[in-house]
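Written below as structure tokens is the structure these notes are about.
The values are calculated or read from the model by the stated rules, or taken from the named source; none is laboratory data. Here the structure is a predicted model, which means the values were calculated and not measured. Ideal geometry is used to build each Cβ from the backbone, glycine not excepted, and the neighbour counts take in all protein chains shown. Keep in mind that these areas ignore ligands, DNA and RNA; they rest on the heavy atoms of the full protein, side chains included. Shrake-Rupley method; radii C 1.70, N 1.55, O 1.52, S 1.80 Å.
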Amino acid sequence: MKRYFIHTFGCQMNVNDSLRMSEVLAKMSYEPTPVPDNADLIILNTCAIREKAEDKMLSALGRYKPVKASRGALIGVGGCVAQQEKDRLLKKVPYLDFVFGPDNIAKLPDIIGRVGQERERVVETAFVHSEEYVFPRADPETSRGKVTEFVTVMKGCDNVCSFCVVPHTRGREVSRAFPEVLLEVADLAKVGVREVTLIGQNVNSYAGGISFAQLLLRTAEVPGIERVRFTTSHPHDLSDELIDAFRTQPKIAPHFHLPVQCGSDRILKMMRRDYTVVQYLERLAKLREARPGIAVTTDIIVGFPGETEEDFELTMKLTEQVRYDNQFSFVFSPRPKTGAALRENEWGPVPHEVKIARLERLQKLQRRISTEVTAALVGTEVEVLVEGHSRYDATKRFGRTPENRTVNFDGDAPAGALVKVKVDRSTPNQLNGQQLSVLSLPTVEPLPLAPAASPFHVVAEA
């Protein structure tokens with residue numbers, strides 16, 4: 001059999017897309033390999049959110065060039081950079097064989113066939129019109145033995161924030177019909193999956209026949225499912241109905257990733273974010289009242305064009321006020337065709353050294369807060385869904401709390417078990433402890449424990 005290797009950059013949507021690619025390739029009699037040097041086909045599934053991700057992609061392509069020279073391996077680029085750059089990538093990288101966008105995963109057999117048989121360099125980046133788009137349905141058998149899995153419920157985004165390239169690379173919002181979503185979740189539960197994460201670029205604007213809150217509630221009722229998560233959200237879609245779902249259904253995990261992007265109303269307006277900081281805090285207060293102890297994470301962009309020291313201090317103030325469990329913070333990088341890139345000179349670019357200095361200050365503050373949040377849990381008991389061996393110590397188990405905090409612990413429970421763990425140590429990013437008891441066992445016979453990591457044929461990085 002021929003072998004493939006997938007290198008994934010970016011978000012959970014990209015990881016999910018890579019898994020769909022692997023299913024397509026399996027039907028073509030390809031098998032995965034954990035190392036690119038043995039591959040007959042290498043695919044880079046790319047992210048265009050930040051310039052750094054593009055740079056990493058080009059660097060990786062350079063590393064894979066010798067594999068093509070020695071083995072004749074085919075090399076392709078998929079994902080958002082492919083959608084953004086199209087045939088320009090073929091001109092930039094002469095040894096690249098094909099380029100395909102996120103809507104064209106199902107065309108991989110045809111693309112690879114044209115490259116291999118006709119020696120043709122192929123570009124497939126056309127968007128599929130909303131009314132014609134068919135969501136790729138995961139093969140549940142590829143998830144057998146896994147504890148947690150992604151389920152795509154929508155794609156694209158209609159918000160057109162001035163910093164974001166997603167509308168240009170993923171297209172307009174398209175929601176998947178809710179019966180399809182529930183059927184896929186039920187099939188996953190039958191092969192042992194106990195936790196599902198509903199994903200989309202703007203997931204809580206879901207419009208697949210019922211509201212997103214109703215979709216969460218129905219997903220939680222699927223037999224065998226113990227936890228339901230979702231990502232990513234926009235603050236203006238945090239409705240009262242969604243908040244009430246957190247209040248009434250304990251299987252909806254108490255973790256909400258709510259990107260604020262900035263603590264300055266002036267900058268938020270320039271970003272085309274249609275809320276103020278006060279409005280954001282009001283929605284967050286309602287969420288925390290409905291689900292006490294809910295963990296909140298966020299995204300923040302530092303150094304947006306025109307950002308002053310006063311604007312940045314407002315972001316620092318907001319971080320201190322909210323006390324996020326964690327945040328994903330990055331310096332602004334102009335993306336093609338976005339409003340911020342087109343008007344950066346008009347608004348006033350922030351010098352790179354200023355961006356870096358501000359980012360370091362923000363991340364130092366968040367590390368302190370994260371350290372305090374996890375330290376407060378030492379001595380407490382937490383519920384953990386076991387996912388596998390710890391990647392740091394094969395004698396330990398690894399899992400997550402309902403709040404999505406990672407836990408490495410001493411214990412003997414199988415993958416898929418819910419256990420009670422006594423926390424005895426903490427770091428800003430994880431908890432450590434001892435298994436006290438088993439709360440429930442998996443309903444499907446678990447496979448032998450494996451390291452809790454990305455599937456071995458999909459290398460993922462930010």
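For this structure, a couple of remarks:
- Of everything listed in (1) among the charged types (D, E, K, R); (2) without any contact (Cβ under 8 Å) to a residue 40 or more places away in the chain; (3) in contact with a helix residue (DSSP H, G or I) (Cβ under 6 Å, 6 or more places away or on another chain), the single unmet condition for Lys86 is (3).
- Looking across segment 225-243 at every residue that is assigned to a helix (DSSP H, G or I) and open to solvent by less than 30 Å² (accessible area, probe 1.4 Å), the one that is nearest to Ala290 (Cα to Cα) is identified as Ile243.
- Taken over segment 61-75, the criterion of being under 18 Å from Glu85 (Cα atoms) and crowded, with 19+ Cβ neighbours inside 10 Å is satisfied by Leu61, Ile75.
- Some residue of segment 381-392 being among the hydrophobic types (A, V, I, L, M, F, W, C), closer than 18 Å to Glu51 by Cα and surrounded by 13 or more Cβ atoms within 10 Å (Cβ to Cβ): no
- Meets criteria (in a helix (DSSP H, G or I), over 25 Å from the mean Cα position of the chain (by Cα) and under 19 Å from Lys422 (Cα atoms)) for Glu344: no
- Against the criterion of being modelled with pLDDT of 95 or more and of a type in the set (Lys, Arg), Arg194 qualifies.
- Screening segment 155-173 for residues that are more than 18 Å from the chain's Cα centre (by Cα) and over 20 Å from Phe332 (Cα atoms) and picking the one that is most open to solvent (accessible area, probe 1.4 Å) gives Arg172.
- Within segment 150-192, the residues that satisfy the criterion of being within 16 Å of Asn16 (Cβ to Cβ), in contact with a Leu (Cβ under 7 Å, 6 or more places away or on another chain) and touching a residue at least 40 places away in the same chain (Cβ under 8 Å) are Val151, Val153.
- Selection of segment 278-294 for residues being open to solvent by less than 20 Å² (accessible area, probe 1.4 Å) and assigned to a helix (DSSP H, G or I) yields Tyr280, Leu284, Leu287, Ala290.
Here is a yes/no grid of residues against (1) closer than 30 Å to Gly416 by Cα; (2) hydrophobic (A, V, I, L, M, F, W, C); (3) open to solvent by 30 Å² or more (accessible area, probe 1.4 Å); (4) in contact (Cβ under 8 Å) with a residue 12 or more places away in the chain:
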| position | (1), (2), (3), (4) |
| --- | --- |
| Val123 | no, yes, yes, yes |
| Val128 | no, yes, yes, yes |
| Pro136 | yes, no, yes, yes |
| Thr142 | yes, no, yes, yes |
| Gly145 | yes, no, yes, yes |
| Thr148 | yes, no, yes, yes |
| Val196 | yes, yes, no, yes |
| Asn204 | yes, no, no, yes |
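- In segment 295-340, the residues that are among the hydroxyl-bearing types (Ser, Thr, Tyr) and either open to solvent by 50 Å² or more (accessible area, probe 1.4 Å) or within 24 Å of Ala376 (Cα to Cα) (or both): Thr297, Thr298, Thr308, Thr319, Tyr324, Ser329
- Restricting segment 254-277 to residues that are farther than 20 Å from Thr231 by Cα and of a type in the set (A, V, I, L, M, F, W, C), the residue that is surrounded by the most Cβ atoms within 10 Å (Cβ to Cβ): Leu268
- First in segment 244-257 and touching a residue at least 40 places away in the same chain (Cβ under 8 Å) and in a loop (DSSP other than H, G, I, E, B), second anywhere and among the hydrophobic types (A, V, I, L, M, F, W, C) and surrounded by fewer than 21 Cβ atoms within 10 Å (Cβ to Cβ), Cβ under 6 Å, 6 or more apart: Pro254/Ile294
- Only one of the numbered conditions (1) open to solvent by less than 10 Å² (accessible area, probe 1.4 Å); (2) part of a helix (DSSP H, G or I) is not met by His7, and that is (2).
- Taking the criterion of being modelled with pLDDT of 80 or more, acidic (Asp, Glu) and open to solvent by 60 Å² or more (accessible area, probe 1.4 Å), the only residue of segment 32-53 that qualifies is Asp37.
- Matching entry among Arg272, Arg266 (being touching an Asp or Glu at 6+ places or on another chain (Cβ under 8 Å) and either more than 22 Å from Asn16 (Cβ to Cβ) or not acidic (Asp, Glu) (or both)): Arg266
- Hits in segment 340-365 (condition: closer than 19 Å to Val260 by Cβ and out of contact with any Asp or Glu (no Cβ under 6 Å at 6 or more places or on another chain)): Ala340, Lys355, Arg358, Leu359, Arg361, Leu362, Gln363, Lys364, Leu365
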